[in-house]
Amino acid sequence: MKRKIYDKLLEWKRVSNGKTAVMLDGARRVGKSWIAEEFARNEYEAYLLIDFAKVSSKVKRYFNEYLEDLDTFFMYLLSAYNVELPKGKSVIIFDEVQRFPRAREAIKYLVADGRFHYIETGSLISIQKNVKNIVIPSEEWHLEMFPMDLEEFMWATGHPMTMPVVIKHFAERKPLGRDLHESIMDVFRQYLVVGGMPQAVSEFAESHDLRQVDAVKRSILALYRADIRKFAGALKGKALSVFNSIPAQLSKHEKKFMLSEIDAKGRMRGYDTTFEWLESAMTVNLCRGANEPNVGLEMNCERTSLKCYLGDTGLLVSMAFGESDLVAEDIHNRILSDRIELNKGMLVENVVAQMFRVAGHKLYFYSNSSRTSSEDRMEVDFLVAKSNLTRRHNISPVEVKSGRSYAYESLSKFRRKFASSLDKAYVLHVKDVGEKDGVIHLPLYMAPLIVSRSEEGRTAE
């Protein structure tokens, strides 16, 4: 399946020319191993893949004993795999490198040697347990890999020309028309149900059997829970509680994470490392509360106020409605036919968070629960900072609406209170493109364009 990160790997190869290794960070099952081998197969004369999930003790011994003599190291390594690698035209893939930190530490010496290029893939790679006894190499070019975005989903499911049309209408602020809009919303709802995990997308593209798709997603959720138990150490109890509570937390009207619902005596500051662990594992997307919409949202962040979205909305559907196969099948059909009302807001807000994050945008929201001033009491779903920072008019507030009838009182209050700091305001909804009261209304499938393209609508990268 076509993935956009392939072009980023091409850029790494061209710019780095062997002076750095590339590290693909990402959650389990987002396609890191596949894209690394696909790139190696297409862009080099030869390659060697070393899977540290099942590497032999003999190969590990080479890393421990021969790195000071790389001629001997490569003699044994290539012999063990019975492969020839032309110098300067080959790449070695360290797959699941977090399972053998010594190999990651060796990158410094292997890159300096210059014989081959190196691609590393890893999950939970930034977690202290996997790096505490090694020196992290500075010779790494990091790339984050996420589940497939909406455009990649369209490519995989037979709609390759849809997103260029969407981009054009976004740039021109023109409605698409009822028929075209509804047909794209149909694809968007498929993305909502299936999500962006490559195995699930592949199953859907081949069979369109949502029961089989759901089985794939449930197996991934089981893997994530197993990883938490295996790798989270002392945090595993808290991490599992947070992870398992995500659907219930997001099903509320106000989606801020309420720690009291899983730990009556807990304090958010005591869960900092737990949320950071899950975020580092890239299984969740954290959206942090900003005190005010100024330049540098991170500096105005309230660390104890956050929303916790699941990294993939398709997984959230299976997690939230997984009581039985019949329940799951009914929910899938209701989502696809736009007949679901219960928890629909949870799903669309999660998918917008996912689309923003995959487009490279950090997530922030604004909330004020004032008990003394109704004018100050408001919550805005997302705050988007312009890429070209200016002192004023830098922040775009974004509200997400799942129904056809809605109000946006909080957005109106927010615009009045912070007018001097705001750029354009957006409502993402199920309807076509429009504008009302100075607020731009966009269909949900245009969400990633808000953060990935300028007002003039640059061409696709």
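The values are calculated or read from the model by the stated rules, or taken from the named source; none is laboratory data. Quick caveat: nothing in here was measured; it's all calculated off a predicted structure. Reconstructed Cβ throughout: ideal geometry from the backbone, glycine too, with neighbour counts over all protein chains shown.
Suppose the filter is farther than 22 Å from residue 279 by Cα and aliphatic (A, V, I, L, M); does residue 210 pass it?
Spelling it out, residue 210 is indeed farther than 22 Å from residue 279 by Cα and aliphatic (A, V, I, L, M).
Please work out which one of (1) in a helix (DSSP H, G or I); (2) surrounded by fewer than 18 Cβ atoms within 10 Å (Cβ to Cβ) is the condition residue 134 fails and give its number.
Looking at each condition in turn, residue 134 falls short on (1).
Assuming residue 223 fulfils every condition listed in (1) within 26 Å of residue 444 (Cα to Cα); (2) within 21 Å of the chain's Cα centre (by Cα) apart from one, which condition is it?
(1)
For the condition modelled with pLDDT under 90 and surrounded by fewer than 19 Cβ atoms within 10 Å (Cβ to Cβ), what is the one hit in 435, 455?
Being modelled with pLDDT under 90 and surrounded by fewer than 19 Cβ atoms within 10 Å (Cβ to Cβ) holds for just one of 435, 455, which is 455.
Identify, by number, the condition in (1) in a helix (DSSP H, G or I); (2) surrounded by fewer than 17 Cβ atoms within 10 Å (Cβ to Cβ); (3) hydroxyl-bearing (Ser, Thr, Tyr) that residue 304 doesn't meet.
(1)
Suppose the filter is at pLDDT 95 or above and not acidic (Asp, Glu); does residue 322 pass it?
no
(1) at pLDDT below 95; (2) within 22 Å of the chain's Cα centre (by Cα); (3) of a type outside the set (Phe, Trp, Tyr): which one isn't true of residue 22, the others all being true?
Among (1) at pLDDT below 95; (2) within 22 Å of the chain's Cα centre (by Cα); (3) of a type outside the set (Phe, Trp, Tyr), residue 22 violates only (1).
Among the residues that make up region 244-255, is at least one of them among the charged types (D, E, K, R) and free of Cβ contacts under 8 Å to residues at least 12 places away in the same chain?
Yes; the residues of region 244-255 include at least one that is among the charged types (D, E, K, R) and free of Cβ contacts under 8 Å to residues at least 12 places away in the same chain.
Is there a residue being more than 21 Å from residue 92 (Cα to Cα) and at pLDDT below 95 anywhere in region 141-156?
Checked region 141-156: no residue is more than 21 Å from residue 92 (Cα to Cα) and at pLDDT below 95.
Pairs under 9 Å by beta carbon, first residue more than 22 Å from residue 140 (Cα to Cα) in region 81-94, partner assigned to a loop (DSSP other than H, G, I, E, B) and of a type outside the set (A, V, I, L, M), six or more apart or different chains?
From residues that are more than 22 Å from residue 140 (Cα to Cα), the pairs are 86/44; 86/45.
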